[in-house]
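Visitor: Please read through the structure below; I'll follow up with questions.
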Amino acid sequence: MSEGKTVVITGASDGIGAAAARRLHREGHRVVVVGRSPEKTAAVAGELGVESFVADFTRLDEVRKLAEDLNAAFSRIDVLANNAGGLFGPRTETADGFEKTFQVNYLAPFLLTQLLRDKLIASGAAVLQTASISARLAAKLELDDLNHDHDFAPVRVYNSTKLEIVLFTKELHRRYHAQGVSAAAFDPGGVATNFATGSSSRPMRILYTTPALRALLPGPDKGAKTLVWLVQGRPGSDWESGGLYLRRKPSRTNRQIEDADLARALWDRTEELLK
Ligand SMILES: NC(=O)c1ccc[n+]([C@@H]2O[C@H](COP(=O)([O-])OP(=O)(O)OC[C@H]3O[C@@H](n4cnc5c(N)ncnc54)[C@H](OP(=O)(O)O)[C@@H]3O)[C@@H](O)[C@H]2O)c1
């Protein structure tokens, strides 16, 4: 068993996050369950006998309150796993005036990480982000239309947000690794969870809800494996900070992912949006 770490996991009320929480709890870590649904979050936390917090990422005031509560509750946070997210649609605007997928998958975890930054630095923490292979294969980033005001399709927006998460991971590494924070993004693979089940993308909804197709996908335990491995591992020896991982191995990247100017511009633009 590795040394117990304080591990905050968002999206831990279901799917990959809940599977990772169960496994890491069994391995002796102090797991903190963060979810959106109060009932589901309480069920997972109750099962494990651990602390939990609820925040709906479509509301940035709830993300700010979550950060405040986490900062108050824990003297250190060794791992922040930004895992909450999904494929949504049709286009919906949040109370904060942002497109929902963009806010839940990218803006909210960016804000949460920023608000926990001092604690993460003081703890020499790892920030682990659930991305997707689509960040490499299919995503395009339009800095002038981050909110997808002009170009909305559920899958396109989802892919962009996962590319944004990978660029955020790389820029977090560039800005804060020297101060002790490590960061990695990973692709959990296609996993049979609630993912895409409420989306207006018909092909994705069919893939994730049709029993015969769903049966082809592995379960959440398998999807959680890379996250569990990153939590247990040591940056610098088991994995490299700034990296993108797939099945516990470095994933190939592409020109956009390696574009440091783009990552810096995205960070700056995101800070502007959150002012
Ligand atoms: N499943 C796949 O094939 C796949 C592939 C690539 C990447 N991923 C990524 O894996 C991550 C976990 O997804 P999953 O597959 O485990 O799906 P899931 O079973 O639907 O779980 C999603 C989690 O995110 C939370 N969440 C959703 N909307 C939220 C909101 N507005 N505010 C706060 N939390 C919210 C959910 O909370 P509640 O349950 O409390 O609503 C749940 O805990 C996501 O980032 C997803 O993009 C999944």
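Visitor: What number of residues within the stretch 193-220 are within 9 Å of the ligand (Cβ to nearest atom) and in contact with a Pro (Cβ under 7 Å, 6 or more places away or on another chain)?
Guide: The total comes to 1.
Visitor: Follow-up question, since we're still on this one. Within the stretch 241-273, how many residues are under 19 Å from V181 (Cβ atoms) and surrounded by 15 or more Cβ atoms within 10 Å (Cβ to Cβ)?
Guide: Number of matching residues: 10.
Visitor: With the condition kept exactly as written, say whether any residue in the stretch 76-86 is near the ligand (Cβ under 10 Å from one of its atoms), at negative phi and more than 12 Å from the chain's Cα centre (by Cα).
Guide: No, because not a single residue in the stretch 76-86 is near the ligand (Cβ under 10 Å from one of its atoms), at negative phi and more than 12 Å from the chain's Cα centre (by Cα).
Visitor: Right, next: Which of the residues spanning the stretch 1-21 are surrounded by fewer than 23 Cβ atoms within 10 Å (Cβ to Cβ) and farther than 25 Å from K119 by Cβ?
Guide: If the condition is that a residue be surrounded by fewer than 23 Cβ atoms within 10 Å (Cβ to Cβ) and farther than 25 Å from K119 by Cβ, then D14 is the only one that fits.
Visitor: Oh, and also: Do we have any residue at all in the stretch 22-38 that's in a loop (DSSP other than H, G, I, E, B), surrounded by fewer than 18 Cβ atoms within 10 Å (Cβ to Cβ), among the small types (G, A, S) and within 8 Å of the ligand (Cβ to nearest atom)?
Guide: yes
Visitor: Quick test for you: out of F110, F53, F57, F98, pick the one residue that is within 14 Å of the ligand (Cβ to nearest atom) and under 24 Å from A178 (Cα atoms).
Guide: F110
Visitor: Quick check on my filter: what residues within the stretch 200-211 are open to solvent by 30 Å² or more (accessible area, probe 1.4 Å) and either at positive phi or part of a loop (DSSP other than H, G, I, E, B) (or both)?
Guide: Within the stretch 200-211, S200, T210 qualify.
Visitor: Here are the criteria: (1) in contact (Cβ under 8 Å) with a residue 40 or more places away in the chain; (2) under 17 Å from the mean Cα position of the chain (by Cα); (3) farther than 16 Å from N83 by Cα. Tell me which single one D221 does not satisfy.
Guide: Condition not satisfied by D221: (3).
Visitor: Checking the condition assigned to a loop (DSSP other than H, G, I, E, B) and open to solvent by less than 30 Å² (accessible area, probe 1.4 Å), which residue from T197, T169, T161, T193 passes?
Guide: T193
Visitor: Turning to a different aspect of this structure: Within the stretch 136-158, can you find the residues that are surrounded by fewer than 21 Cβ atoms within 10 Å (Cβ to Cβ), among the basic types (K, R) and closer than 20 Å to A265 by Cα?
Guide: Residue satisfying the conditions is K140 alone.
The values are calculated or read from the model by the stated rules, or taken from the named source; none is laboratory data. Remember, it's a predicted structure, so these values are computed and weren't measured experimentally. So basically every Cβ, Gly included, is an ideal-geometry build from the backbone, and we count neighbours across all protein chains shown. Quick note on the areas: whole protein, heavy atoms, side chains included, nothing else; ligands and nucleic acids left out. Shrake-Rupley method; radii C 1.70, N 1.55, O 1.52, S 1.80 Å.
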